[in-house]
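Report on one structure; see the data block that follows.
The values are calculated or read from the model by the stated rules, or taken from the named source; none is laboratory data. Because the structure is predicted, anything quoted here is derived from the model rather than measured. Backbone-built Cβ (ideal geometry, glycine too); neighbour counts: all protein chains shown.
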Amino acid sequence: MTAAGLATDPLAAMLQLEARARAVLTEPELLFVIANETWQLVPFRQAVVFRSDLFGKPRLRVVSGLAAVEEDAPYAQWLAAVAAALWPRVGNAPRTISPAELPAELAENWNEWWPRHALASPLLAPDGARLGLALYVRDETWTEQHTTLLARLHAGYGYNLWAIVNQAGRLTQWWRRFARRKWWRLLVVAGVLALFVPVRQSVLAPAEVIALEAQAIAAPMDGVVKSFSVLPNQPLRKGEVIFTLDDTTLRNRREVGVKALAVARADALLSTQRAFDSDQAKGELGTLQGRVREREAEVAYLDEMLARVEVRAPADGVAIYGDPNDWIGRPVVTGERIVLLADPKDAGVLVWLPVADAINLNAGAEMRLFLHVAPLSPLAARLTQTSYQATLSPDGIASYRIRGTFDRPAAEARVGLKGTAKLYGRRVFLGYVLFRRPLAALREWTGL
């Protein structure tokens, strides 16, 4: 490079770049050459290339030194705003630009993203149409010699870009001639008629196997869970102990109550013996006997509560709950559900149908459950119940709760298994199935 910031032989560098640009066959390759190889003629710190879109607006395509451009990055957004501001002001020849030509909010960030000096060079087609814009920034000033050389080079860049775009235009023209053929029209008519073919409406939604008539095993009193006698999903018989509450407080209260009962009985016996020769003792006898009955009732109550410490299964079934370690040592209140007792023979399907995918479903609608453990063996079921209002599913999505029963018992339908359910609705036209979601999104966007 010379002191003026040019290649030692500018003519040779320009000829080499023009030959390199003519050799590329695709638009991305050409834009890469513009952004990364123009440095061989005029050095710069960074180059940015914009391409004109279908509406004639600049769109960021290439930044020198970067393999890909993230359009939502702060720098990319700032570049897009700068290009939009410069697009109508840049003429047909390269020229320098300054922060004064930008809106105040963009000019404030100039020193943060760019060095002091910048140059804009349009990419023009032979007819003068603007195909793109290249921006170059560097620390040194741009001279008239720089703009002259870049104008000559970008004239070649613009012609090569126009040739690539024109080649794509030829393909478009070929496609239009292809579309004029009669059999193609018949194919379009057949496609339109296919939209009126009746098909079965269906939807997919997450599902799981549940017990339709599960019994809730709750805490019979306030206390602390001491231990579990069954593991999760373990079968158990009627009367087997499921879990036990800590009985330390109750046992201590009962021992105190038994001692108090013994004292009350001794006092009542002593008053009975004195009642033969003392009117005062005879009057106290009724009070002491009432205290005995009070202590007996208290001990009986504590015995009843101690009998509830061990929670037993009211029927045969399977214990459904989480990890025992999540409950042991945890305080519970009366009525708090701890375990579900399910009958494996009473298995059903619970489906969480998202509101966005909801379709019209009637009682008895056909369902097929594809379990994750057996995706190739779907289970047939029938819809029996659907919720009136949507609630949040375990995944946090507004969904309708749908229940169903299996057509026949299946050994692989174990309570707790998850999968995907396919629900079938009424028959509709194929066009309705294809365009239902786009039309719904259009209505949400337009408010019509």
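Observations on the structure shown:
- Selection status of Ala84, part of a helix (DSSP H, G or I), farther than 24 Å from Glu37 by Cα and touching a strand residue (DSSP E or B) at 6+ places or on another chain (Cβ under 9 Å): yes
- A count restricted to the stretch 98-144 and to residues that are farther than 18 Å from Leu79 by Cα and part of a strand (DSSP E or B) stands at 2.
- Top-ranked residue of the stretch 211-239 - restricted to ones that are hydrophobic (A, V, I, L, M, F, W, C) and surrounded by fewer than 13 Cβ atoms within 10 Å (Cβ to Cβ), ranked as modelled with the lowest pLDDT: Ala216
- Filter pass, Ala4 being at pLDDT below 80 and either more than 21 Å from Leu133 (Cβ to Cβ) or not assigned by TED's automatic domain parsing to the domain that holds Ser121 (or both): yes
- From the list Glu255, Glu208, the lone residue that is of a type in the set (Asp, Glu), at pLDDT 80 or above and over 33 Å from the mean Cα position of the chain (by Cα) is Glu255.
- Residues in the stretch 370-400 that are hydroxyl-bearing (Ser, Thr, Tyr), part of a strand (DSSP E or B) and surrounded by fewer than 17 Cβ atoms within 10 Å (Cβ to Cβ): Ser377, Thr384, Thr391.
- Val165 passes every criterion in (1) surrounded by fewer than 14 Cβ atoms within 10 Å (Cβ to Cβ); (2) at pLDDT 80 or above; (3) among the hydrophobic types (A, V, I, L, M, F, W, C) apart from (1).
- When residues in the stretch 411-437 are screened for being touching a residue at least 40 places away in the same chain (Cβ under 8 Å) and farther than 19 Å from Ser202 by Cβ, 7 of them pass.
- Given (1) surrounded by 14 or more Cβ atoms within 10 Å (Cβ to Cβ); (2) without any contact (Cβ under 8 Å) to a residue 24 or more places away in the chain, number of the condition Arg89 does not satisfy: (1)
- Search result, residues across the stretch 358-369 that are farther than 30 Å from Gln234 by Cα, in contact (Cβ under 8 Å) with a residue 24 or more places away in the chain and either surrounded by 15 or more Cβ atoms within 10 Å (Cβ to Cβ) or of a type in the set (A, V, I, L, M, F, W, C) (or both): Ala358, Ile359, Leu361, Ala365, Glu366
- The set of residues from the stretch 318-340 being farther than 14 Å from Leu231 by Cβ and in contact with a Pro (Cβ under 8 Å, 6 or more places away or on another chain) comprises just one member, Thr334.
- Those residues of the stretch 29-75 which are part of a loop (DSSP other than H, G, I, E, B) and either under 20 Å from Thr147 (Cα atoms) or outside the structural domain of Arg152 (by TED's automatic domain parsing) (or both), in sequence order: Leu41, Val42, Pro43, Phe44, Arg45, Ser64
- Set Thr141, Thr148: member being on the phi < 0 side of the Ramachandran plot, among the hydroxyl-bearing types (Ser, Thr, Tyr) and in contact (Cβ under 8 Å) with a residue 12 or more places away in the chain: Thr141
- Qualifying residues in the stretch 289-328 (those that are basic (Lys, Arg) and more than 30 Å from Thr272 (Cα to Cα)) - the one farthest from the chain's Cα centre (by Cα): Arg308
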